[in-house]
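The values are calculated or read from the model by the stated rules, or taken from the named source; none is laboratory data. The structure displayed is predicted, hence computed values, not measured ones. When we count neighbours, we look across all protein chains shown, and the Cβ atoms used for this are built from the backbone with ideal geometry, even at glycine.
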Amino acid sequence: MGRDRVASLPMYDFPELQDAHDEFWGALAARLAAAGLTDVPRALTRGATLTQVWGSPRLLFAQGCEYPLAKAFGDRVRVVAHPMYSAAGCDGSRYRSAIVIRIDDLDQGTSEGGLAGLRGRRCVVNERDSNSGMNLLRATIAQVANGEPFFASVAESGSHLRSVEMVASGEADVAAIDCVSFAHFQRLYPSLVAGVRVLSWTASTPSLPYLTAGTASDETLQALRAALAHVFDDNGLAKVRERLLLRGVDLSPKEGFGEVLNLERAAVSSGYPILR
């Protein structure tokens, strides 16, 4: 990625929303430049891996998933803020996952809304290190697994959208979908989402945080927070925020990623360390 500073918003950057993310970043970048920050990238970085983005010492601004950040990047990033989303399953700056099954899944256990009815079914996760797709689901299933293997199989799809496609088509039976992604899918791909239904919800954790490099100064951190406050208060950006489901921002985040690791520890202590 070279020596240029990095800005990236990869977590909900669906093709239909890329122009909205570009406008959001353009407004934020302009505010940062006006505040005196140097080398502010004019465009978002796309095409780089998450490891390249989150691990870059030149990272200025990005969004990340707390579980992989906690496992491998905890000392390499600083949390700037947590966005607040207008999506079912969100509460303030917290989010959760929707546990989805096929719309016509009439198995007695699942039709009654019971998680136990998922035993022996085929699960799909977007990524093995995803908080929303794996960690939150593991913590939920640990409560009914009794320390035993629970699913017949656990496949990896590569994305939440593909997980929904697999459940809707019958390639899999159950998936945990980040509620913000699910709300976007309901808008962008309603015919696809019509093929699944929400069986249950996981516990919540802080929403996917905005980040900067771990080496960023306190002055840079404060400049980023001030710029975010301006962008979220700008009436001229209301339509952009609405398209991105952004309704506010928490500029006083907790240090570290303790909650997602606590969920992992709870699953381990209950004898269910691996989603299986």
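Residue check: is Ser97 surrounded by fewer than 22 Cβ atoms within 10 Å (Cβ to Cβ), touching a residue at least 24 places away in the same chain (Cβ under 8 Å) and more than 30 Å from Arg58 (Cβ to Cβ)?
No.
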Scanning region 184-204 for residues that are within 28 Å of Glu255 (Cα to Cα) and in contact with a Leu (Cβ under 7 Å, 6 or more places away or on another chain), the one surrounded by the most Cβ atoms within 10 Å (Cβ to Cβ) turns out to be Thr202
If you go through region 8-59 one residue at a time, how many are touching a residue at least 12 places away in the same chain (Cβ under 8 Å) and part of a loop (DSSP other than H, G, I, E, B)?
22
So which residues in region 205-226 are of a type outside the set (A, V, I, L, M) and crowded, with 20+ Cβ neighbours inside 10 Å?
Thr205, Pro206, Ser207, Pro209, Tyr210, Thr212
Report yes if Phe185 is among the hydrophobic types (A, V, I, L, M, F, W, C), closer than 21 Å to Arg94 by Cα, in the same structural domain as Arg102 (by TED's automatic domain parsing) and out of contact with any strand residue (DSSP E or B) (no Cβ under 7 Å at 6 or more places or on another chain), otherwise no.
yes
Would you check which residues across region 116-174 are more than 23 Å from the chain's Cα centre (by Cα) and either buried (at least 19 other Cβ atoms within 10 Å of the Cβ) or assigned by TED's automatic domain parsing to the domain that holds Phe257 (or both) and list them?
Gly117, Leu118, Ala145, Phe150, Phe151
Considering (1) assigned by TED's automatic domain parsing to the domain that holds Glu23; (2) in contact with an Asp or Glu (Cβ under 8 Å, 6 or more places away or on another chain), say which one Gly55 fails and leave the rest.
(2)
Enumeration of residues in region 21-65 that are under 19 Å from His82 (Cα atoms) and of a type in the set (S, T, N, Q)
Gln63
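What residue, of Ala72, Ala34, is closer than 17 Å to Asn131 by Cα and surrounded by fewer than 17 Cβ atoms within 10 Å (Cβ to Cβ)?
Of the residues listed, the single one that is closer than 17 Å to Asn131 by Cα and surrounded by fewer than 17 Cβ atoms within 10 Å (Cβ to Cβ) is Ala72.
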Which ones in region 258-276 are surrounded by 15 or more Cβ atoms within 10 Å (Cβ to Cβ), part of a helix (DSSP H, G or I) and over 18 Å from the mean Cα position of the chain (by Cα)?
Ala266, Ala267
Which ones in region 222-257 are touching a Phe, Trp or Tyr at 6+ places or on another chain (Cβ under 8 Å), part of a helix (DSSP H, G or I) and closer than 22 Å to Arg187 by Cβ?
Val231, Leu237, Val240, Arg241
Answer with yes or no whether Val79 is more than 21 Å from Val249 (Cα to Cα), buried (at least 16 other Cβ atoms within 10 Å of the Cβ) and among the β-branched types (Val, Ile, Thr).
no
Could you please give the count of residues in region 199-247 that are of a type in the set (Ser, Thr, Tyr) and more than 30 Å from Leu118 (Cβ to Cβ)?
5
